[in-house]
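First comes the structure, then the notes that go with it.
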Amino acid sequence: MSEITVEAVPERGADPNAALLDVKDYRVGFKTEHGLARAVDGVTFRLDKGKTLGIVGESGSGKSVLNRSIMGLVVSSNQIEEGSIHFDGTEIVGTDRQPFWGKRMSMIFQDPMTSLNPVMKVGRQIGEPLKLHLGMDKKRARARATELLTQVGIPEPGRRLDQYPHELSGGMRQRVMIAIALAGEPDFLVADEPTTALDVTVQKYILDLLNELQRDRHMAMTLITHDLGVARGRTDDLLVMYGGRVMEQAPTDVLFSAMRHPYSEALLESIPTLDHPKHTRLNPIPGAPPDIVAPPPGCRFAPRCRYAQERCATELPELESDGNHHYACFFPVGTDANAEALDRNIERGHTAVGLPVSKEGRVG
Amino acid sequence: MAGSGTAHLRDDPNILLRVENLVVEFPAGRKGKVHAVSDVSFDVKEGETLGLVGESGCGKSTTAKAVIQIPTPTSGHVYYNGTDLAALRGEDMRRMRPEVQMIFQDPISSLNPRRKVRDIVSEGVRVWGSSKAAAGSFTQDRINELIEAVGLDPVAAGERRPHEFSGGQCQRISVARALVLDPKIVICDEPVSALDVSVQAQILNLLEDMKQRYGLTLLFISHDLSVVKNVSDRVMVMYLGKMCEIGDGDHIYERPAHPYTRALLSAVPDASVEIEVDDEVLAGELPSPINPPSGCRFHTRCSSAQEVCRTTEPQVRQLVGVEDHWVACHFPHETVVEI
């Protein structure tokens with residue numbers, strides 16, 4: 001971190017209407033002894049200033065790799081990066097993104113305990129980016145750190161600066177993480193499951209806080225989550241990922257009112273909700289996520305999909321657009337083709353891939 | 001919240017587990033002590049699932065562990081089928097252990113990575129094989145049946161080690177291990193918190209199936225209110241070592257009476273519907289369990305708190321006209337029976 005210099009920070013873009021982040025056909029692969037693991041396989045999205053993009057998917061869907069790669073955090077000789085990312089007008093694929101860290105882009109992580117240094121006082125940890133990226137001296141950094149702690153709602157900030165992370169509760173540690181991430185007033189923040197390790201009441205507080213800080217600073221954010229409830233209430237647009245590919249992409253309200261992809265539907269149906277009476281039978285998604293080194297030839301989700309037909313097993317569906325709603329499926333949910341596909345599978349008792357389907361159209 | 005009392009305990013011949021005035025304290029520094037669980041009472045009928053819900057540090061795990069006497073509670077009684085486990089020592093307690101088993105949160109770290117699945121599942125049998133009570137009733141067939149019952153292939157899976165399985169499969173192995181000694185009660189401590197949503201549904205369905213098939217009674221701990229609602233017959237809400245509210249799950253979620261329960265429910269981001277609860281704001285931080293607030297322990301963060309909440313601890317009272325819904329609050333959101 002010590003080699004970061006202040007003057008290396010690129011200038012902010014001139015066009016205020018341009019997307020802050022313009023990602024086109026972005027791919028990230030890792031060379032392994034078994035072949036290339038396609039962790040991110042052709043993702044395209046645009047993120048404007050002040051907006052939040054939610055990225056949803058199971059473990060292994062590529063949502064974290066996508067964001068870490070955009071940040072330039074995945075640096076390894078066996079990593080392959082393709083496609084294009086314009087950050088505020090500048091192409092950043094293939095370039096070193098370290099000069100952007102702190103001042104232009106920043107990140108908060110899932111586990112605030114392991115992402116803070118346990119043997120360094122909170123004040124010094126917040127002061128570090130201030131000194132490194134903004135060139136502040138020790139005294140000004142400390143004053144600014146106190147201000148930041150106040151902004152993230154930590155009582156008695158002056159006292160907290162001289163405490164160690166273990167002296168703070170989980171919610172408070174996450175607030176310290178947010179303070180560190182926002183110290184350099186970034187334009188773009190990646191929040192990787194920021195509340196997964198926290199209680200619901202603390203989660204609500206942290207998400208409210210992020211919303212508020214984002215509005216004040218006109219900051220763009222990607223919110224990675226596996227919780228569809230969080231995604232629904234806290235994002236402007238949603239990206240549903242599976243096996244490194246985008247399954248469905250739309251403004252959040254459009255996606256929830258007219259879900260098109262069977263995977264999005266299956267995810268939503270698998271979670272218990274408060275409005276279901278007790279002992280409601282859940283609908284799990286059968287099977288396991290796909291092998292990204294040797295993925296199935298057709299649709300990645302076909303082996304677990306109750307609508308799967310012969311075509312799904314052999315042909316890879318591309319992302320198709322219906323206005324601002326994009327989905328990669330031959331038999332989108334809510335269409336006649338989808339209803340016919342399910343009827344056919346119920347009749348033969350299994351999908352084209354061999355997954356058993358019950359009389360009620362359920363799998364798993 | 002944060003109340004005491006035993007009015008909600010039921011007088012029913014089918015009560016399998018009855019916990020009375022449970023107190024668990026841990027030493028903390030000089031003279032200080034952590035009041036982890038303070039005067040909590042509840043009971044569980046045979047075949048019932050009781051869900052324990054609350055934030056981290058509310059004492060839900062400590063309560064469940066005190067049931068199996070890890071550690072022995074500071075005071076109070078844990079009656080299992082009429083026997084007070086808290087009074088049992090040594091060999092007498094050891095003989096009770098097969099009756100109550102436990103499933104833990106992290107499926108991978110709770111399995112020994114160097115042992116084969118078959119050995120992990122059958123360890124309880126090896127330990128108990130010599131005892132008269134257990135001898136003869138366990139065979140390899142029984143192990144195979146269990147591995148199959150949790151959805152794994154006994155021949156292929158039995159010879160493999162935990163690292164070859166996914167998190168969900170490891171949790172299935174944990175379920176099989178917990179069931180091998182034919183327990184009456186299974187304590188599930190956040191069994192699905194570390195799993196993906198799709199796998200979480202598989203494990204929750206599996207637990208329901210196992211409950212039916214083996215006639216289990218479950219004590220289910222989770223911080224996820226939706227999960228607790230789904231699996232539980234009755235729900236107990238805890239805060240800072242005290243009980244807030246207990247009763248029929250559907251009723252508590254439909255008409256939450258305690259301000260804390262309402263605050264919890266309003267914080268849940270729900271992907272399906274908006275729940276009809278006004279936005280209770282939970283101000284401030286969780287107080288320290290070393291110096292818990294006086295009176296009702298929730299009064300420091302409660303929007304309805306009055307002077308009496310600071311001085312007097314509320315007693316558990318029943319909601320008027322509702323058979324199974326009890327709340328410990330001076331100013332509950334529903335009408336309660338006056339004492």
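Assorted remarks:
- Once region B:271-285 is narrowed to residues that are at pLDDT 75 or above and at the interface with another protein chain (Cβ under 7 Å from one of its Cβ atoms), the residue that is nearest to B:Leu240 (Cα to Cα) is B:Glu285.
- Of the residues examined, B:Glu164 is one that is of a type in the set (Asp, Glu) and within 14 Å of chain A (Cβ to nearest Cβ).
- Any hit, region B:232-240, residues being open to solvent by 10 Å² or more (accessible area, probe 1.4 Å) and modelled with pLDDT under 95: no
- Selection from region A:260-269 of residues that are open to solvent by 30 Å² or more (accessible area, probe 1.4 Å) and in contact with an Asp or Glu (Cβ under 9 Å, 6 or more places away or on another chain): A:Arg260
- Residue count for region B:68-89 satisfying the condition of being aromatic (Phe, Trp, Tyr) and open to solvent by 20 Å² or more (accessible area, probe 1.4 Å): 1.
- Residue list for region A:280-305, restricted to those being assigned to a loop (DSSP other than H, G, I, E, B), open to solvent by 50 Å² or more (accessible area, probe 1.4 Å) and more than 7 Å from chain B (Cβ to nearest Cβ): A:Gly287, A:Pro289, A:Asp291, A:Ala294, A:Pro297
- The single residue among A:Gly50, A:Gly35 that is open to solvent by 10 Å² or more (accessible area, probe 1.4 Å), more than 28 Å from A:Asn324 (Cβ to Cβ) and not polar (S, T, N, Q) turns out to be A:Gly35.
- When A:Cys329 is tested against (1) part of a loop (DSSP other than H, G, I, E, B); (2) in contact with a strand residue (DSSP E or B) (Cβ under 8 Å, 6 or more places away or on another chain); (3) surrounded by fewer than 24 Cβ atoms within 10 Å (Cβ to Cβ), exactly one condition is not met: (3).
- Residue, farthest from the other protein chains (Cβ to nearest Cβ), within region A:239-259, restricted to residues that are part of a loop (DSSP other than H, G, I, E, B) and touching a helix residue (DSSP H, G or I) at 6+ places or on another chain (Cβ under 9 Å): A:Gly244
- Filter result for the condition that a residue is of a type in the set (Asp, Glu) and within 14 Å of chain A (Cβ to nearest Cβ), over B:Glu48, B:Glu91: B:Glu48
- Condition check for B:Tyr214: under 29 Å from B:Ser166 (Cβ atoms), more than 18 Å from the chain's Cα centre (by Cα) and modelled with pLDDT of 90 or more: yes
- Scanning region A:197-231 for residues being of a type in the set (Lys, Arg) and surrounded by 21 or more Cβ atoms within 10 Å (Cβ to Cβ) gives a total of 1.
- Scanning region A:153-169 for residues that are under 14 Å from A:Thr52 (Cβ atoms), away from every other protein chain (no Cβ under 13 Å) and not β-branched (Val, Ile, Thr) turns up nothing.
- Residue check for A:Glu185: in a helix (DSSP H, G or I) and open to solvent by 60 Å² or more (accessible area, probe 1.4 Å): no
- Residues within region A:133-155 that are under 18 Å from A:Phe100 (Cα atoms), within 29 Å of the chain's Cα centre (by Cα) and open to solvent by less than 40 Å² (accessible area, probe 1.4 Å), tallied: 1
Yes or no, residue by residue, for (1) in a loop (DSSP other than H, G, I, E, B); (2) free of Cβ contacts under 8 Å to residues at least 12 places away in the same chain; (3) open to solvent by 20 Å² or more (accessible area, probe 1.4 Å):
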{"position": "B:Asp12", "(1), (2), (3)": "yes, no, yes"}
{"position": "B:Asp39", "(1), (2), (3)": "no, no, yes"}
{"position": "B:Phe42", "(1), (2), (3)": "no, no, no"}
{"position": "B:Glu91", "(1), (2), (3)": "no, yes, yes"}
{"position": "B:Arg115", "(1), (2), (3)": "yes, no, yes"}
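- Within region A:195-214, the residues that satisfy the criterion of being away from chain B (no Cβ under 13 Å) and touching a residue at least 60 places away in the same chain (Cβ under 8 Å) are A:Leu213, A:Gln214.
- Restricting the first member to region B:216-229 and to residues that are open to solvent by 10 Å² or more (accessible area, probe 1.4 Å), and the second to residues that are aromatic (Phe, Trp, Tyr), the beta-carbon pairs closer than 8 Å and six or more apart or on different chains are B:Lys229/B:Tyr253.
- When the strands (runs of 3 or more DSSP E) confined to region B:189-258 are screened for residues that are more than 8 Å from chain A (Cβ to nearest Cβ) and of a type in the set (Gly, Ala, Ser), those reaching at least 1 such residues are found at B:217-222, B:242-248.
- Any hit, region A:263-274, residues being in a loop (DSSP other than H, G, I, E, B) and more than 14 Å from chain B (Cβ to nearest Cβ): no
The values are calculated or read from the model by the stated rules, or taken from the named source; none is laboratory data. The structure displayed is predicted, hence computed values, not measured ones. Here Cβ is always computed from backbone atoms with ideal geometry, including for glycine, and neighbour counts include all displayed protein chains. Heads up: the accessible areas ignore ligands, DNA and RNA and are worked out on the full protein's heavy atoms, side chains in. Shrake-Rupley method; radii C 1.70, N 1.55, O 1.52, S 1.80 Å.
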